[in-house]
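Q: The structure's right below; bear with me while I get my questions together.
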């Protein structure tokens, strides 16, 4: 605080995440002061949900066919680089949306690497218990 005015802000990405904000003493010999905040538990327990592509159920044959049927010469004819990229990206994303389903990941599963499926995790747990 300088002359009674707080100069720092506490920014969060969720409403109600921070409780009491207290200004503590000076930090060493500098003119900066320490700020203590209380992080509320209820707001932290919210799990984010992540949508990912499910390549195990993808139809790559259909994906290849859809992109192969696009008349690329006509689609990209007389276009600038940026416009060509946008046309290509649009076709690619449309084919992806049609051929590669999505799945929701949340909680602990969102943090686990994709290569760690249930079968591998079960084997690791068995080894851990056997010691």
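Q: Pick from the stretch 54-84 the residues that are touching a helix residue (DSSP H, G or I) at 6+ places or on another chain (Cβ under 9 Å) and loosely packed, with under 11 Cβ neighbours inside 10 Å: which of them is farthest from residue 99 (Cα to Cα)?
A: 61
Q: A follow-up question, please. Name the single residue that is farthest from residue 51 (Cα to Cα) among those in the stretch 85-103 being surrounded by 15 or more Cβ atoms within 10 Å (Cβ to Cβ) and touching a strand residue (DSSP E or B) at 6+ places or on another chain (Cβ under 9 Å).
A: Ranking the candidates gives 96 first.
Here, each number is a calculation from the coordinates, and none is a lab measurement. Keep in mind it's a predicted model, so treat the numbers as computed, not measured. As a convention, Cβ positions derive from the backbone with ideal geometry for all residues, glycine included, and neighbour counts pool all protein chains shown.
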